[in-house]
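Down below is the structure, laid out as structure tokens.
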Amino acid sequence: KDDEEPSIAAGYNSSDWKLPLYVLLLDGQAQKIVDWLSNRSANRAFRFFSSLLEMLQKQLATSARAAATRDDLLGLLLDGTLTQSWCLSAALSEIEMESSTRIALLKMLAQNDEAEKPDARVYLEDGERVSLKDSYLDFASQSLLLGLKDEAKLFLERAAIDRPELWNYTRQHSFGGEIVRWVLASAIGCCLSNRNAGVREAIPAELWNAIPGSAKRR
């Protein structure tokens, strides 16, 4: 297989790709893996690297080698050796760490304005799998709980969750992810603005756009 093999898009459940690279990770070659994944879109790199770190996290309790690999990886992230947003996001999503380390990495990620390659099939893939937008929404929530309001605002903006349309509500049984994302984003936004949630949060985009700006501000 070569790098264009379609299974790279679903690397988190493709053992042909995942297991050999996991061995490289345990062998201290995280930089090599990150360099290889950097040729993919940010979402695909994030998903694949997350799958490797999920395996690492599961082994921590039984493997000293896995624990050492975790510590080395966190060191590379904290000292700025690995700076890719998707790489930081994968670590924050999958690895358990001390609060001080999580706060430091959240601050680093919030200030990282690195351009990200879009997927050709973003809508289809993001509708079925965890994406960077999902992780940014999660990090906005984490930051808020850790007292990092500025970072929470930046993550919420980066998540760029659109107000659901009528179609999303009528098809929520099949595509409920959009509604869930909006509810969480609205809750975070209300906390950051020190206001109570109301019916305005549930208004579909078509109706919201028809409301005069003066009425929205009331």
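What order, most packed first, do the peptides 73-79, 136-142 have when packing is the mean number of other Cβ atoms within 10 Å of each residue?
Numbers: 73-79: 16.3, 136-142: 22.0.
Descending mean neighbour count gives 136-142, 73-79.
If the chain between Glu157 and Tyr169 were fully stretched, how many nm would it gain, using 0.36 nm times the residue separation less the Cα-Cα distance?
Working: separation 12, 0.36 × 12 = 4.32 nm, distance 2.28 nm.
That pair, Glu157 and Tyr169, stretches by 2.0 nm at full extension.
Could you rank the peptides 42-48, 179-185, 88-94 by their average count of other C-beta atoms within 10 Å per residue, with the highest value first?
My ranking of the peptides, most packed first, is 42-48, 88-94, 179-185.
Would you kindly find the accessible area of Glu165, with a 1.4 Å probe and non-protein molecules such as ligands, DNA and RNA excluded, rounding to the nearest 10 Å²?
Spelled out: Glu165, probe radius 1.4 Å, area about 90 Å².
Shape verdict for region 50-101, please, from the Cα gyration tensor: rounded (a/c under 1.5), prolate (a/b greater than b/c) or oblate.
Cα axes put region 50-101 in the prolate bin.
How much net charge surrounds Gly75 when only the other residues with a Cβ under 15 Å from the Cβ of Gly75 are counted, with Lys and Arg +1 and Asp and Glu -1? Before the final figure, lay out each step's value.
Numbers: positive: Arg70, Arg102; negative: Asp71, Asp72, Asp79, Glu98.
It works out to a net charge of -2.
The values are calculated or read from the model by the stated rules, or taken from the named source; none is laboratory data. Not measured: the values here are computed from a predicted model. A quick note on method: Cβ atoms are made from the backbone with ideal geometry, for glycine too, and the neighbour counts reach across all protein chains shown. Just the protein is used for accessible areas: all its heavy atoms, side chains included, with ligands, DNA and RNA removed. Shrake-Rupley method; radii C 1.70, N 1.55, O 1.52, S 1.80 Å.
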